[in-house]
Amino acid sequence: MTKKVAIIYGLGGSWFDPAAGEVYLAQRLKAKGFNVGGPFAYTDSQGVYDFLQHADWRAIVGDSFGADYGPVYAGELKPIAIDYLAGFQPSMYASNVVNGEIVVPANVVFAHCVRDPVWTDTYGLGYASWVAANPKRTKLVTTLHRAAHPDDAGWAQNLIFNEILKLASK
């Protein structure tokens, strides 16, 4: 079974990703046998599409702008199902944010958004919310966690890493 996880950087890419951030998450997932793509630039929708289209189990994980556009790229794969979508602190400032919300498309089976509930903690960089386009088709979990932006390391990363392992083993 081919299990693929596309990792998507935020606006600053590798320049602003902490050493314990998305590259480390990719290393951890590879060590567990996942085929990991990226980290992709948040603008690389074609790369994400090409990487994920041929897999038995698919996931997208992004931080900041990567968490903003991960749902968009999931939708571009319709009718293909995205088994798991995770985002660390989606930003309020991406073009797909409407009234502070980002829509998770119905082809996503399970989605988990880790966001900072206090706007001033990140000045909106980690404050946007995810909403399911179809709550009957997509299970959406939101974890409120106050932390420095992009909050893709440590506790939050462990939460998402363990969830991927659990869901991919079903």
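Sub-6 Å Cβ pairs linking a first residue in segment 74-92 that is within 11 Å of Ser129 (Cα to Cα) to a second residue that is assigned to a strand (DSSP E or B) and at pLDDT 95 or above, at least 6 apart or interchain, are Gly87/Gly62; Gly87/Cys113; Phe88/Asp63; Phe88/Val114; Gln89/Arg115; Pro90/Ile102, ordered by first then second residue. Within segment 26-36, at least one residue is within 19 Å of Ile164 (Cα to Cα), in contact with a Lys or Arg (Cβ under 9 Å, 6 or more places away or on another chain), of a type in the set (A, V, I, L, M, F, W, C) and not in a helix (DSSP H, G or I). Looking at Arg137, Arg115, just one residue is in contact (Cβ under 8 Å) with a residue 12 or more places away in the chain and surrounded by fewer than 17 Cβ atoms within 10 Å (Cβ to Cβ), and that residue is Arg137. The one condition from (1) part of a helix (DSSP H, G or I); (2) over 24 Å from Ala41 (Cβ atoms); (3) within 13 Å of the chain's Cα centre (by Cα) that Asn158 does not meet is (3).
A search for C-beta distances below 6 Å between a residue of segment 1-24 that is of a type outside the set (Phe, Trp, Tyr) and any residue that is surrounded by fewer than 16 Cβ atoms within 10 Å (Cβ to Cβ), counting only pairs 6+ apart in sequence or on different chains, returns Met1/Asp56; Thr2/Asp56; Lys4/Asn35.
Count of segment 54-63 residues, restricted to those that are surrounded by 24 or more Cβ atoms within 10 Å (Cβ to Cβ) and free of Cβ contacts under 8 Å to residues at least 60 places away in the same chain, is 3.
Checking Ala156, Ala128, Ala133 one by one, the residue that is touching a helix residue (DSSP H, G or I) at 6+ places or on another chain (Cβ under 9 Å), among the hydrophobic types (A, V, I, L, M, F, W, C) and closer than 23 Å to Pro18 by Cα is Ala128 and no other.
Listed by first and then second residue, the pairs linking a residue in segment 153-167 that is free of Cβ contacts under 8 Å to residues at least 24 places away in the same chain to a residue that is surrounded by 15 or more Cβ atoms within 10 Å (Cβ to Cβ), with Cβ atoms under 9 Å apart and 6 or more places separating them unless they lie on different chains, are Trp155/His145; Trp155/Ala147.
When Gly66, Gly70, Gly75 are checked against the criterion of being in a helix (DSSP H, G or I), modelled with pLDDT of 95 or more, surrounded by fewer than 20 Cβ atoms within 10 Å (Cβ to Cβ) and small (Gly, Ala, Ser), Gly75 stands alone in meeting it. Of the residues making up segment 117-150, those that are within 17 Å of Tyr93 (Cβ to Cβ) and either touching a Phe, Trp or Tyr at 6+ places or on another chain (Cβ under 6 Å) or in a strand (DSSP E or B) (or both) are Trp119, Tyr127, Ser129, Trp130, Pro150.
The values are calculated or read from the model by the stated rules, or taken from the named source; none is laboratory data. Keep in mind that this is a model prediction, so the values were computed, not measured. For neighbour counting, all protein chains shown are included, and Cβ atoms are generated from backbone atoms with ideal geometry for every residue, glycine included.
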